[in-house]
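**Student:** The structure follows.
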Amino acid sequence: MHPTLFDVGRAQLPPRVLAFASGVNEAREIRGFSLARIPVGFSAGHVREEAREELLRSELPLFADSGAFSEVATAPQGLTVTRPISHPDWISRLSLYQALANRHGRKLSLVVPDRVGDQEYTLELLVRYGSELRMLATTGARLLVPLQKGALRPKDFYERACDRSESRCTQPSR
C-alpha cells in the first residue's frame, strides 16, 4: 500500500496506539480530518453548534478535553486561576459530552471535570457532577481522570477520584 499525504513523516505507532489531531474545534477542521480518516481531539469549551454537528456525524474515535487549562495562567508563584469555569459552563460541556457519548459510546474518550494543579477542587467537581459522570459511563465512553498536583500521592489521588466519582475506574495502563 502506498502512503498517503498524511502518512509521510508520521512515526509508525503500534496498532493499539490511537493518535488524535489535537485542538480541532472548528467544523471545517473536523470535516477535513474526518475525510482524511484522522481521529480528532477537541476542547469542549470551544465547540460551536456547527462543530458539534460535525462531531456527532463523525464515524471516527473522538477525544474530548474539558478545557480546564483555559482557567489558569502561569505566575511566578505557580498556577493562578484567572478564568474559572462556571457551573453553567460545566453543565454545557457535560451536555455536549452526553450527546456525543450517546452517539459514539466506546469510540469517545473524555476528560472529566477538573482543575489543573488542584487535587481538592478536582475531587469536589467529581462529587458535584457525579450523576452526570455515571450516566456517561453507562454509554461505554472512556472517562479520563487527569492526575493533578497536590498533597496526595498520584495513586491516592486516583483512588479518591474513583471513589468520589462513583464511576467504574480501571487501573491506568503503563
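The values are calculated or read from the model by the stated rules, or taken from the named source; none is laboratory data. Fair warning: this is a prediction, and the values are worked out from it, not measured in the lab. We place every Cβ from the backbone using ideal geometry, glycine too, and count neighbours over all the protein chains shown.
**Student:** Going by the structure shown, is Thr138 at pLDDT 90 or above, surrounded by fewer than 15 Cβ atoms within 10 Å (Cβ to Cβ), touching a helix residue (DSSP H, G or I) at 6+ places or on another chain (Cβ under 9 Å) and of a type in the set (Val, Ile, Thr)?
**Tutor:** Answer is yes for this residue.
**Student:** To continue, here is another question. Of all residues in the range 53-73, which are in a strand (DSSP E or B), more than 22 Å from Ala141 (Cα to Cα) and modelled with pLDDT of 90 or more?
**Tutor:** Ala73
**Student:** Looking only at residues in the range 132-156 that are part of a helix (DSSP H, G or I) and touching a residue at least 24 places away in the same chain (Cβ under 8 Å), which one is nearest to Glu120 (Cα to Cα)? Can you show your working first?
**Tutor:** Narrowing the range 132-156 to residues part of a helix (DSSP H, G or I): 132-138, 154-156.
Filter again for touching a residue at least 24 places away in the same chain (Cβ under 8 Å), leaving 132-137.
Values: Glu132: 19, Leu133: 18, Arg134: 20, Met135: 23, Leu136: 22, Ala137: 22 Å.
Of everything passing the filter in the range 132-156, Leu133 is nearest to Glu120 (Cα to Cα).
**Student:** How many residues does the range 75-123 contain that are among the hydrophobic types (A, V, I, L, M, F, W, C) and touching a strand residue (DSSP E or B) at 6+ places or on another chain (Cβ under 7 Å)?
**Tutor:** Pass one, the range 75-123, residues among the hydrophobic types (A, V, I, L, M, F, W, C): 75, 79, 81, 85, 90-91, 94, 96, 99-101, 108, 110-112, 116, 123.
When the remaining residues are screened for being touching a strand residue (DSSP E or B) at 6+ places or on another chain (Cβ under 7 Å), the result is 79, 81, 100-101, 108, 110-112, 116.
Matching residues across the range 75-123 total 9.
**Student:** Right, next: Looking at the range 22-33, is at least one residue in a helix (DSSP H, G or I), closer than 17 Å to Ala141 by Cβ and among the aliphatic types (A, V, I, L, M)?
**Tutor:** Checking the range 22-33: not a single residue is in a helix (DSSP H, G or I), closer than 17 Å to Ala141 by Cβ and among the aliphatic types (A, V, I, L, M).
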